[in-house]
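K.L.:
Sharing a structure below in structure tokens format, with a few things to ask.
The values are calculated or read from the model by the stated rules, or taken from the named source; none is laboratory data. Keep in mind that this is a model prediction, so the values were computed, not measured. Neighbour counts are summed over all protein chains in view; Cβ atoms, including those assigned to glycine, are modelled from backbone coordinates with ideal geometry. Side chains are part of the model used for accessible areas, which takes the heavy atoms of the whole protein and leaves out ligands, DNA and RNA. Shrake-Rupley method; radii C 1.70, N 1.55, O 1.52, S 1.80 Å.
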Amino acid sequence: MSQSETLQSTSLMSGLIDIYVDPKKALSAADERSGWTMLPLALVLMVPAVMVAYYFQTVDFNWFIDQMAAASPEEFPEEAREFLSPTVMMTTGVIGATISGLVGVVLNGLYLHFLAKITTTDSRKYSAWFRLAVWAAMPAAIIGVLAALLNYMLAGTNQVGLDDLAFYSVNSLFTHIPMGQPGASVMNALTPFTLWTVALTGTGLHLWTGRTMGKSLILAAIPAIIVYSVWSVVSFG
């Protein structure tokens, strides 16, 4: 077996493990295997969707609506309660989680593809960079969601808000901005998994293009820096 082969995951299933424990192996192998896209993509989209479905089928729904109404009374007039149910919220939540997950990897893939075209002579098609974006999203979509699910199941109550599920967010750990207040959404979205995604994307750029790790990490971080900077300015005014 050659040295290059020993530095790669030997199968898709081993790659799904290596992305957490030895990501260079998984990402190096994914570069050469176009078929290593659909299963990771299915996991990235389905795990959050299943979590959302479980949450809305088990949460104290009347309490949940009360919390939403208290945070944003203008968006939840009393008559709106007649149209809300666990099924309606579950359906919209599942669709929203799936679409947002897909849009995230599509846009990250487009950024990486555009970056490669304007800064290198790389000949990879968009599908390859989309694959890298999918693999880089796995920790946030799987470990992050499973951690939130475990937090919910161990809470000892079904009166837990969606924002409180991600106990590892900047808002939960540091800022403690109430739901519905300016800046709460962006602080809830910022988590260690944001950095993990950037780190995996940068590692992929390093392995696939030969850039230094430092430059790769900077390039991988640019979209997140722009998004969260603009989001913060809009949220905090």
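K.L.:
Kindly check whether there is at least one residue in the range 34-49 that is open to solvent by 80 Å² or more (accessible area, probe 1.4 Å), within 21 Å of the chain's Cα centre (by Cα), over 30 Å from Gly210 (Cβ atoms) and modelled with pLDDT of 95 or more.
P.N.:
The initial filter retains those residues of the range 34-49 that are open to solvent by 80 Å² or more (accessible area, probe 1.4 Å), namely 34, 38, 46.
In the following step, the residues that additionally are within 21 Å of the chain's Cα centre (by Cα) were identified as 38, 46.
Within this subset, residues satisfying the condition of being over 30 Å from Gly210 (Cβ atoms) are 46.
When the remaining residues are screened for being modelled with pLDDT of 95 or more, the result is 46.
Scanning the range 34-49 turns up at least one residue that is open to solvent by 80 Å² or more (accessible area, probe 1.4 Å), within 21 Å of the chain's Cα centre (by Cα), over 30 Å from Gly210 (Cβ atoms) and modelled with pLDDT of 95 or more.
K.L.:
Restricting the search to the range 16-66, which residues are more than 24 Å from Leu165 (Cα to Cα) and without any contact (Cβ under 8 Å) to a residue 24 or more places away in the chain?
P.N.:
Ile17, Asp18, Val21, Asp22, Lys25, Ala29, Arg33, Gly35, Met38 - these are the residues of the range 16-66 that are more than 24 Å from Leu165 (Cα to Cα) and without any contact (Cβ under 8 Å) to a residue 24 or more places away in the chain.
K.L.:
Is there a residue being in contact with a Leu (Cβ under 9 Å, 6 or more places away or on another chain), modelled with pLDDT of 95 or more and assigned to a loop (DSSP other than H, G, I, E, B) anywhere in the range 58-77?
P.N.:
Yes, there is a match, as at least one residue in the range 58-77 is in contact with a Leu (Cβ under 9 Å, 6 or more places away or on another chain), modelled with pLDDT of 95 or more and assigned to a loop (DSSP other than H, G, I, E, B).
K.L.:
Then there's this: Residue check: is Thr121 open to solvent by 40 Å² or more (accessible area, probe 1.4 Å), more than 30 Å from Tyr54 (Cα to Cα) and not in a helix (DSSP H, G or I)? Before you say what the answer is, go through the steps one by one.
P.N.:
Details: open to solvent by 40 Å² or more (accessible area, probe 1.4 Å): yes; more than 30 Å from Tyr54 (Cα to Cα): yes; not in a helix (DSSP H, G or I): yes.
So Thr121 fits the description; yes.
K.L.:
Test of understanding: among Leu115, Leu107, which residue is open to solvent by less than 80 Å² (accessible area, probe 1.4 Å) and over 16 Å from Gly161 (Cα atoms)? Step through it out loud before you land on a result.
P.N.:
Details: Leu107 fails: open to solvent by less than 80 Å² (accessible area, probe 1.4 Å).
That would be Leu115, the only listed residue that is open to solvent by less than 80 Å² (accessible area, probe 1.4 Å) and over 16 Å from Gly161 (Cα atoms).
K.L.:
One residue is enough: does the range 91-98 have a residue meeting the conditions among the polar types (S, T, N, Q), closer than 26 Å to Met46 by Cα and not in a helix (DSSP H, G or I)?
P.N.:
No, every residue in the range 91-98 fails to be among the polar types (S, T, N, Q), closer than 26 Å to Met46 by Cα and not in a helix (DSSP H, G or I).
K.L.:
Further question: I'm trying to understand the selection: among the residues of the range 141-158, which are hydrophobic (A, V, I, L, M, F, W, C), open to solvent by less than 40 Å² (accessible area, probe 1.4 Å) and either under 20 Å from Leu217 (Cβ atoms) or within 12 Å of the chain's Cα centre (by Cα) (or both)?
P.N.:
Hits for the range 141-158 are Ala141, Ile142, Val145.
K.L.:
Same structure again: Can you list the helices (runs of 4 or more DSSP H) found entirely within the range 159-237 that contain at least 3 residues being acidic (Asp, Glu) and either more than 22 Å from Ile19 (Cα to Cα) or more than 17 Å from the chain's Cα centre (by Cα) (or both)?
P.N.:
none
K.L.:
Looking at Met51, Met38, Met13, Met46, which is the one that is closer than 20 Å to Thr157 by Cα and hydrophobic (A, V, I, L, M, F, W, C)?
P.N.:
Met51
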